[in-house]
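A short worksheet on the structure shown next.
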Amino acid sequence: MTFYRLDAALGDGDLWHIGDIAEVAENWVFDLLDRAPAPLSLHAPVAHHGAETDFSIGWRSFMFMSERARQAVQATGVADDEILFHPVAFGNYTPSQQFYALGISKVQLCVDEARSEWSPCYYDKGETPMSRGFLRLYGAFFELWIDEAKVVGLNAFRLGGAQDAVIVSDRIRDAFAAAELTGAIFTKVS
């Protein structure tokens with residue numbers, strides 16, 4: 001199986017931008033969404049009213065997916081224990097379809113450090129990874145490769161050491177392509 005880092009295609013013209021999820025605006029922890037046993041009803045503002053896309057990343061790295069995208073991903077057979085879709089209401093905007101915030105429950109320490117090019121995360125005096133809201137060991141990836149042996153059988157997971165990075169299988173990437181969904185880019189990492 002081939003894996004890809006899932007990101008938003010930000011350079012494609014005048015696209016909409018989603019702000020913070022109101023229920024978690026004061027911290028960067030994904031746990032509220034990722035560890036929820038059932039879908040939560042969430043609220044977020046649209047920060048810029050550009051062209052609506054099927055996939056978007058909000059200000060604090062929360063990922064949002066349209067109903068069309070949700071249906072395409074669920075048709076791949078991805079289990080609820082990998083991706084949970086939380087309905088999102090936009091108080092200042094009425095989208096063309098329902099949108100969801102993604103809860104990604106799996107976190108895998110699987111960076112192939114020998115093949116990847118990365119910088120460590122530096123902290124100010126007195127700071128720790130947890131004081132920043134979530135564990136971050138990697139400051140930036142210039143080239144990211146994962147060890148596939150550590151993610152056998154998974155279709156979606158957050159990257160241990162950089163939990164704002166979401167990795168998906170070729171099944172999910174292929175579903176996006178087949179449904180002609182907009183707003184996402186996939187960068188090969190295996």
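No lab work stands behind these numbers, since they all come straight from the coordinates. As the structure is a computational prediction, the values presented were derived from the model and not from experiment. Note: ideal-geometry Cβ built from the backbone for every residue, glycine included; neighbour counts use all protein chains shown.
Scalar couplings 3J(HN,Hα) for the range 180-187, obtained by applying the Karplus form with A = 6.51, B = -1.76, C = 1.60 to θ = phi - 60°, are 6, 7, 10, x, 10, 10, 10, 10 Hz; x denotes Gly and Pro. If only the Cβ of Lys and Arg carry +1 and only the Cβ of Asp and Glu carry -1, the dipole of the chain around its Cα centre is close to 200 debye. Only one of the values (1) 147; (2) 159; (3) 121 was calculated from this structure for volume of the Cα convex hull per residue in Å³; name its label. It is the value labelled (3). Remark on C121: its backbone amide H falls under 5 Å from those of Y138, G139, a criterion applied only to residues 5 or more positions apart or on other chains, H modelled at 1.01 Å from N.
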